[in-house]
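Notes follow the structure.
None of the figures in this text is laboratory data; all of them are computed from the coordinates on show. Everything numeric in this text was worked out from a predicted model, so none of it was measured. Note that we place each Cβ from the backbone using ideal geometry, even for glycine, and neighbour counts take in every protein chain shown.
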Amino acid sequence: MNQAEFHFPTPRQAPIQQRQGFAEMPADDEALNFSSSTAAGHSAYMVRFVDYPHPTADIVRVAEQRFRRELEKHLGDDVLRAQRAYVSVTEASEAELTKEEVVLATRWVKAYDAARTAAYRDLGDTEEAYFEVRAI
């Protein structure tokens, strides 16, 4: 027994049996992995902040989180559908479009603009930077 164990003893616990329906928990010293976890019903997509002239990891991550949060606030689960509708509207002729595509594309433009404004807050020079949204 060393001094740390003497002053800060760790209680011995019986092993906890895993209940059915719950995912296995990682060990205490194992890093959490959120890359493959998505909430039920949510679309899997990623947001990247591209061509920012001062790419500090924390600044970029915060900007991406703000952008994603604002997109989800305006579009909910329709982020990828709205983006696809926007691409269809910009590439197709008017006769080929459905009313739903036009409405979703309009929502995408408004949501993207609001998300970009929220993400650019406190960033400074962002002339060439933009956000890229991709399905995973």
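Brief remarks follow.
- Amide H partners (placed H, <5 Å) of TYR45, local residues excluded: ILE136
- Annotation: extensible slack from SER93 through ARG134 equals 12.4 nm (criterion: 0.36 nm per residue apart, minus Cα-Cα distance).
- Local net charge near ALA92, Cβ-Cβ under 15 Å (Lys/Arg +1, Asp/Glu -1): -3
- Counting neighbouring Cβ atoms within 10 Å and putting the fewest first, the residues ARG107, ARG121 line up as ARG121, ARG107.
- Separation in nanometres of the label points that stand 7 Å from Cα toward Cβ, at LYS110 and VAL50: 2.6
- Debye equation applied to the C-alpha atoms of segment 43-136, log10 I(q)/I(0) at 0.14, 0.18, 0.21 Å⁻¹: -0.52, -0.80, -1.00
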